[in-house]
1. Say whether the condition of being at pLDDT 90 or above, closer than 21 Å to residue B:60 by Cβ and of a type outside the set (A, V, I, L, M) is met by at least one residue in the stretch A:61-69.
2. Within the stretch B:43-52, identify whether any single residue is open to solvent by 60 Å² or more (accessible area, probe 1.4 Å) and more than 8 Å from DNA strand C (Cβ to nearest atom), and answer yes or no.
3. Being among the aromatic types (Phe, Trp, Tyr) and either open to solvent by 40 Å² or more (accessible area, probe 1.4 Å) or part of a loop (DSSP other than H, G, I, E, B) (or both) is the filter here; which residues of the stretch A:279-305 pass it?
4. Does the stretch B:51-86 hold any residues that are among the aliphatic types (A, V, I, L, M) and more than 14 Å from DNA strand D (Cβ to nearest atom), and which are they?
5. Conditions first: (1) of a type in the set (A, V, I, L, M); (2) more than 13 Å from DNA strand C (Cβ to nearest atom); (3) open to solvent by less than 60 Å² (accessible area, probe 1.4 Å). Residue B:1 passes all but one, so which condition is the exception?
6. So, of the residues in the stretch B:306-334 that are open to solvent by less than 70 Å² (accessible area, probe 1.4 Å) and touching a helix residue (DSSP H, G or I) at 6+ places or on another chain (Cβ under 8 Å), which turns out to be modelled with the lowest pLDDT?
7. List the number of the failed condition for residue B:53; all other conditions in (1) of a type in the set (A, V, I, L, M); (2) assigned by TED's automatic domain parsing to the domain that holds residue B:308; (3) more than 20 Å from residue A:80 (Cβ to Cβ) hold.
8. Return the total of residues in the stretch A:1-29 being more than 9 Å from DNA strand D (Cβ to nearest atom) and more than 39 Å from the chain's Cα centre (by Cα).
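The values are calculated or read from the model by the stated rules, or taken from the named source; none is laboratory data. Being a predicted model, the structure only gives us computed values, none of them experimental. A quick note on method: Cβ atoms are made from the backbone with ideal geometry, for glycine too, and the neighbour counts reach across all protein chains shown. SASA here: full protein model, heavy atoms, side chains in, ligands and nucleic acids out. Shrake-Rupley method; radii C 1.70, N 1.55, O 1.52, S 1.80 Å.
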2 protein chains.
Amino acid sequence: MNLKELSSLLGLSQTTVSRALNGYPEVSEKTRARVIQAAEAHAYSPNTRAQGLATGHSKCIGHVISVSDSAEMVNPIFGDFMAGAGETYSAHGYDMMVTRVGAQDEADTYRNLKARGAVDGIVVHAPRRNDSRMELLDKIGLPYVVHGRSTGVTTPYSWLDVNNTRAFSEATSHLVGLGHKRIALINGQETMDFAIRRRSGYESSLRFAGLTIDPALMSTGEMTEAYGYNQANTMLDLDTPPTAFLVASIICAAGIRRALDERGLRVGRDVSIVTFDDCLSYFANGGDRPVFTAWQSSVREAGATLAEMLIDRIRAPRAPHDTKLWEAAFVEGTSTGPAPSKD
Amino acid sequence: MNLKELSSLLGLSQTTVSRALNGYPEVSEKTRARVIQAAEAHAYSPNTRAQGLATGHSKCIGHVISVSDSAEMVNPIFGDFMAGAGETYSAHGYDMMVTRVGAQDEADTYRNLKARGAVDGIVVHAPRRNDSRMELLDKIGLPYVVHGRSTGVTTPYSWLDVNNTRAFSEATSHLVGLGHKRIALINGQETMDFAIRRRSGYESSLRFAGLTIDPALMSTGEMTEAYGYNQANTMLDLDTPPTAFLVASIICAAGIRRALDERGLRVGRDVSIVTFDDCLSYFANGGDRPVFTAWQSSVREAGATLAEMLIDRIRAPRAPHDTKLWEAAFVEGTSTGPAPSKD
DNA sequence: GCGACATTCCAAAGCGCTTTGACAAATGTG
DNA sequence: CACATTTGTCAAAGCGCTTTGGAATGTCGC
């Protein structure tokens, strides 16, 4: 069923039917009702491609997922982010397109998406320091919003970020307040801007507390369970092992917990853990007494909000940029306690 | 830059340029080379929508993600599956569209996707018993492949599934062989076909071993970490608690491990765990000695293969259906051991 | 030198929609 | 009742591509 058929069925012109369905005022309410009813009866939905060709926009949002070359890691927050964004998109009649790409073809992918007119806008994921994507997207004129920020990029852009510096600074202070002096940082990949901010929050709090910053207690890598496990083991084997771990993701924290359990160390008594928590739906850290003491911020809500921001941006590409800095929430779980006294 | 501009730039007709780029033989190699070079120089990519309108297909694959109404769970395998499928799609010039939908609007979503001509085919995720989607898709004529199978659906369809029955039957036998008599099943939602098969594999092995099937040792639910934790705690509080857990996902298994650790029970000695493992990139169960004894099958590879199958299907919609039953691989980890002797 | 046959290219139609500009019909105004 | 205005509708153009059905041009054998 297409417009032509539907309109001849109704004895109306394509123009009138199209206008009736798209809510234009030039058509009488009586006709409109008749058209809408017929459209529903025949399950008519305008052909997306034809509509897009005629209007000049695709009503589709792109998400480019860079899969790192080294490890073939898929970011575990991906699903929840998409779920949040997807809800917003469908509410506004947008489709969602996902493109997987190796890091080196990144720029080409963006250019291609624009040239083909495949999407009206995109969400930039996992910004790096001095990320070149914003400049590229500005140049080619593809609207975008950024999930996170990029230190070093001076031209304005729209973003939503969690206050990572503060979360990690406060988390460190919290541990310091509990008497911990050897606090390890199990960070994400420090090519990522958020990881750099997290480290800087951690370092500034250590410095403030007059504690030394020990490179042996800092690690950076892809936030898998195994990475947490391995790093914890390495650090616990040090001559002066850490008494607390500050961790970039709950998946990682699970790995650290495993290492501790295996060594017979009691989490929250022998060794403390504070983690950042993206509120993943399959790894909830909630309840009366959450497992992990954590700074949390829902990646799903971030997805929904960024989607909203992007749609606004597509509607008004010249509007001033919108930026949102969300504060993570602190929840105290069972994974922290006073530093064990040395005997 | 569009076809019209490019062709006038080259002093050729649109026909010739189009044919040159699409590899038709009616154009001399000399001209073709010239055209291709110009196209690259001007970063020309045909407009997707126009191309789709003219050819009648969208070169786009749909993935409909049903988000359960109860819990707002996003399946943790989603990201890895997409990564696998995405690779195949881009290799074949297909885009990937993701639609998030609540369970009740499911049928409408499929119909709409077809009516709008938004996708050329779709992947059916998480089939239920007597799943109605295959019949619907056959009726509306939208090519599809199924990730899993649906008991009760008699019309043929293309699918790829892991031999869940066998994996869970063997896993149970393995535990029985180690002397376990009280083996718990922490299953996924038993509205899902795969969960039903897993249970049946488990039950048949118990029956074969002459062990009683105790409903108190079987649970079904969404496979989150917290679910595993809660179920383990409930069952360990029974008068005659299980000595082994058979688990549907590694995320769940992590929750069970947490419950055990918390109770001071040693995994693999006091209580055994066997889990199904989808080889999630952020929760790898590998190395010399894997953490969990597991039956594993890569969901990422499943994604890549299903994508391939779907593309074939789109090319030849009347071809006989392709079905693939993959056997999961057994890996022995540290999470299993002989049943503790009663004293 | 001429018909036969490839080879190489093109004009134009068509995909299904939106939108412009025009035109009847209905309504209001003096 | 003549005229201006609004209302409701339509035919046709255009979005950027593919593809059909020719039409030139070149090559060859006789």
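1. yes
2. Yes, that holds for at least one residue.
3. Once the filter is applied, which keeps residues that are among the aromatic types (Phe, Trp, Tyr) and either open to solvent by 40 Å² or more (accessible area, probe 1.4 Å) or part of a loop (DSSP other than H, G, I, E, B) (or both), the stretch A:279-305 yields A:282, A:283, A:292.
4. Answer for the stretch B:51-86, where residues must be among the aliphatic types (A, V, I, L, M) and more than 14 Å from DNA strand D (Cβ to nearest atom): B:61, B:64, B:65, B:67, B:71, B:73, B:74, B:77, B:82, B:83, B:85.
5. For residue B:1, the exception is condition (3).
6. Result: B:319.
7. The number of the failed condition is (2).
8. Summing the residues that are more than 9 Å from DNA strand D (Cβ to nearest atom) and more than 39 Å from the chain's Cα centre (by Cα) in the stretch A:1-29 gives 7.
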